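Step one of this worksheet: look at the structure below.
The values are calculated or read from the model by the stated rules, or taken from the named source; none is laboratory data. Bear in mind that the values here come from a model prediction, so they are computed numbers and not experimental data. For neighbour counting, all protein chains shown are included, and Cβ atoms are generated from backbone atoms with ideal geometry for every residue, glycine included.
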Amino acid sequence: MKSKYKKTRPKLSVVAYVIATLPLPCVVCAQSLELKLDSVLNNILITATRMPLAEDATLAQTTVISRRDIEAAGSSSLIELLQRRAGVEIRSTGGAGQPSGVFIRGASAQQTLVLVDGLRLSSATSGGAAFENIALDLIERIEIVKGPMSGLYGSDAIGGVVQIFTRGYAKPRLTAELGLGSNSTLAFNTGFSAVEGKTSMTINAGYREVAARSASNANASSSTYNPDRDPYDNKHVLLKVAHTLWQGEVLSASAWQSQGRTKFDDGPTGNPSNKQTLSGLQAASENNFASFWKSNLRFGQTIDDIDIQSSFPGQFRTKQNQLVWQNQFSTPVGAWLLGYEWLGQRVSGSTAYDKSKRSTQSFFVSVNESIDQQRLSASVRRDREDQFGSRTTGSASYGIQLWTDELVYISYGEAFRAPSFNDLYFPGFSNPRLRPEKSRNVEYGWRVTKPEYRLNLAIFDNQIDDLIAFDFATSAPLNIRRAHIKGVEVSTDFAWGGFNWRGAVTVQRPVDGDTNKQLRSRAKQFGSLAVSKTWDKWDVAVDVSGNGKRFDSGNEAMSSKLPGYTLLGGSVRYRVDSRWTLELSGQNLTGRNYELARGYNTPGRNVFFNVKVTAY
């Protein structure tokens, strides 16, 4: 039968199409998100298939947070934004700048892959990503894909993928923002872009500080609790350059850095602190070798560098060099993707690991096809790591378009997570014979897309084996645990009564496969509801988010029980004219006292006022 792929491909300008392609959006990728294309590109996803595809055409559950959404939410941090908008769960040991993790569909923080402009960003020692130190002012767009994605991205994508796209502009622009808020919050950010012929450049830089409340409270142990304030500050910078050659090849380079410094609690005395620097740089070449063949070759590096000053000081540095060559083919039998990746990880610092570097080579292939009312998406990937050997993962999804605006699908996927350097090589407390964690996931979905409303429903069943846990009998980590996570997700957005509404709810059963106990820090239900409206020059938004009860332990100990909570937030924006905008936002407006980790505070009621000017 004749393929429908070419007929369903989004019709964008040549520039927008080049921008939207390939999984590592560089300078040009970020430029595609200019406001004049926002209404189109908000419906184009990259992360779900590593190719540009309309959101309604993907056979995966996704959430997109645009720059407009970020500004409308009025959140003070990335972790707070994800808590309110992404349909995920959060665990934080304190407020601003304190260590935080994201749980997607009950998977652990280490089982969530985090990408920044297509590059992996995480600590190879702890295995997690430092969401708390990624500045919101650097971000143009966020895509969250739920479900196993190792068939496209390899290790860590058991729960899903969070990809962050840094900011960029497609035309000359000069902007500046200044804000003040509760807890002596001060924030400043400025952005500049220039275009000269076929060359463009973007610069963005900013600073934020907050005199945050104590990270811990009286529920913490006496060796941790300290009632003093734990201030936090962050400074960030971004630079992007792109040039189009005479034959159409696009060369680009980018570099960014976000550095956070915070105090934390380490007992009633002392003044411990940590400084964490996250950074990334890359160079890329995008080229069309033929009308049906688009190629992207890129090399980049990310660094996670943390310096801890306390009674137990330490320095931990992760450097990840990454090479990607990806080829996209439009054929009569679908859109094909063939690629090669190389990842070189190196750790250094104050700990003498038994081994300080490792590398992974990967080959992957995927296809997306649409024939009449049927849709197919499949991928397979082979990863070879010099420590644990080779592993093959993949996924397959099949969907049927019941009507023009309704789709049902079923998918199966496998995923894995490689052990961290702490698991494998930490002196005296490691196990170099550990196997990767692995998972098998089945999902059933139903999607309705009408002009007046959208509805998404997903039923998932994820079984995770060979979970790594520390065995006190042997003083080493072992593959001794299992987890079984089943659940239902429902999300919708619609217009009613002159207002725009958006809601999402997840009901799940995240349990330990051996004890049947609820997994640590996971609730059985959580969700959010938001409503917004625009009157002339005014934009008003209100949102409510909440979680059910959780346990901050793996055995449901009552002493670790964390009650459920509901949070109220909102924002008001007034456009004075085409250049000036005034914004007032607030979080936890009811002053709810709640915990995301036993013995650690969360931000109380806070209000923030921001002034933004666009010179041109």
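For this structure, a couple of remarks:
- Lone qualifier among Phe364, Phe316, Phe312 - being aromatic (Phe, Trp, Tyr), over 26 Å from Glu55 (Cα atoms), buried (at least 16 other Cβ atoms within 10 Å of the Cβ) and out of contact with any Phe, Trp or Tyr (no Cβ under 6 Å at 6 or more places or on another chain): Phe316
- Selection of strands (runs of 3 or more DSSP E) fully inside the range 135-182 by the criterion of at least 2 residues being surrounded by 24 or more Cβ atoms within 10 Å (Cβ to Cβ) and on the phi < 0 side of the Ramachandran plot returns 139-146, 160-166.
- Members of the range 406-437 found to be under 22 Å from Val488 (Cα atoms) and touching a residue at least 60 places away in the same chain (Cβ under 8 Å), listed by number: Leu407, Tyr409, Ser411, Gly413, Glu414, Ala415
- When the residues of the range 204-224 are filtered to those that are of a type in the set (Ser, Thr, Tyr) and at pLDDT 95 or above, the one that is farthest from Ser77 (Cα to Cα) is Ser216.
- Qualifying position, being surrounded by 20 or more Cβ atoms within 10 Å (Cβ to Cβ), assigned to a loop (DSSP other than H, G, I, E, B) and at negative phi, among Ser395, Ser439, Ser430, Ser411: Ser430
- Note on the range 219-238: residues that are assigned to a loop (DSSP other than H, G, I, E, B) and touching a residue at least 60 places away in the same chain (Cβ under 8 Å) total 6.
- Exactly one residue among Pro563, Pro510, Pro603 is touching a residue at least 24 places away in the same chain (Cβ under 8 Å) and farther than 23 Å from Ser214 by Cβ, and that residue is Pro510.
- Residue ID - nearest to Phe526 (Cα to Cα), chosen from residues in the range 466-504 that are acidic (Asp, Glu) and buried (at least 17 other Cβ atoms within 10 Å of the Cβ): Glu489
- Hey, Asn274 buried (at least 18 other Cβ atoms within 10 Å of the Cβ) and on the phi > 0 side of the Ramachandran plot or not: no
- Some residue of the range 373-382 being free of Cβ contacts under 8 Å to residues at least 12 places away in the same chain and within 27 Å of Asn462 (Cβ to Cβ): no
- Those residues of the range 156-192 which are of a type in the set (A, V, I, L, M, F, W, C) and closer than 27 Å to Tyr232 by Cα, in sequence order: Val162, Ile164, Phe165, Ala176, Leu178, Leu180, Leu186, Ala187, Phe188, Phe192
Residue-by-condition table, conditions (1) over 21 Å from Leu121 (Cα atoms); (2) part of a loop (DSSP other than H, G, I, E, B); (3) not charged (D, E, K, R):
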{"site": "Ser254", "(1), (2), (3)": "no, no, yes"}
{"site": "Gln259", "(1), (2), (3)": "no, no, yes"}
{"site": "Lys275", "(1), (2), (3)": "no, no, no"}
{"site": "Asn296", "(1), (2), (3)": "no, no, yes"}
{"site": "Ile306", "(1), (2), (3)": "no, no, yes"}
{"site": "Phe312", "(1), (2), (3)": "yes, yes, yes"}
{"site": "Gln320", "(1), (2), (3)": "no, no, yes"}
{"site": "Gln361", "(1), (2), (3)": "no, no, yes"}
{"site": "Ser370", "(1), (2), (3)": "yes, no, yes"}
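- From the list Leu589, Leu596, the lone residue that is surrounded by 20 or more Cβ atoms within 10 Å (Cβ to Cβ), within 22 Å of Arg85 (Cβ to Cβ), within 26 Å of the chain's Cα centre (by Cα) and modelled with pLDDT of 95 or more is Leu596.
- Hey, Arg417 basic (Lys, Arg), modelled with pLDDT of 95 or more and either within 24 Å of the chain's Cα centre (by Cα) or crowded, with 21+ Cβ neighbours inside 10 Å (or both) or not: yes
- Residues satisfying the stated conditions in the range 81-111, i.e. closer than 19 Å to Ser216 by Cβ and of a type outside the set (Ser, Thr, Tyr): Ile90, Arg91, Gly94, Gly95, Ala96, Gly97, Gln98, Pro99, Gly101
- Unique residue being under 21 Å from Leu186 (Cα atoms) and in contact with a Lys or Arg (Cβ under 9 Å, 6 or more places away or on another chain) when the list is Ser76, Ser66: Ser76
- Some residue of the range 58-76 being touching a residue at least 40 places away in the same chain (Cβ under 8 Å), under 26 Å from Lys486 (Cβ atoms) and among the basic types (Lys, Arg): no
- Subset of the range 31-80 [of a type outside the set (A, V, I, L, M, F, W, C), in contact with a helix residue (DSSP H, G or I) (Cβ under 9 Å, 6 or more places away or on another chain), modelled with pLDDT of 90 or more and closer than 24 Å to Arg91 by Cα]: Thr62, Thr63, Ser66, Asp69, Ser77, Glu80
- Unique residue being touching a residue at least 40 places away in the same chain (Cβ under 8 Å), within 30 Å of Leu186 (Cα to Cα) and among the aliphatic types (A, V, I, L, M) when the list is Ala212, Ala253, Ala242: Ala212
- Taking the listed residues Ala483, Ala557, the one that is in contact with a Pro (Cβ under 9 Å, 6 or more places away or on another chain) and farther than 30 Å from Pro451 by Cβ is Ala483, with no other qualifying.
- Looking only at the range 288-298, residues that are under 25 Å from Thr166 (Cα atoms), in contact with a Phe, Trp or Tyr (Cβ under 9 Å, 6 or more places away or on another chain) and not small (Gly, Ala, Ser) come to 4 in all.
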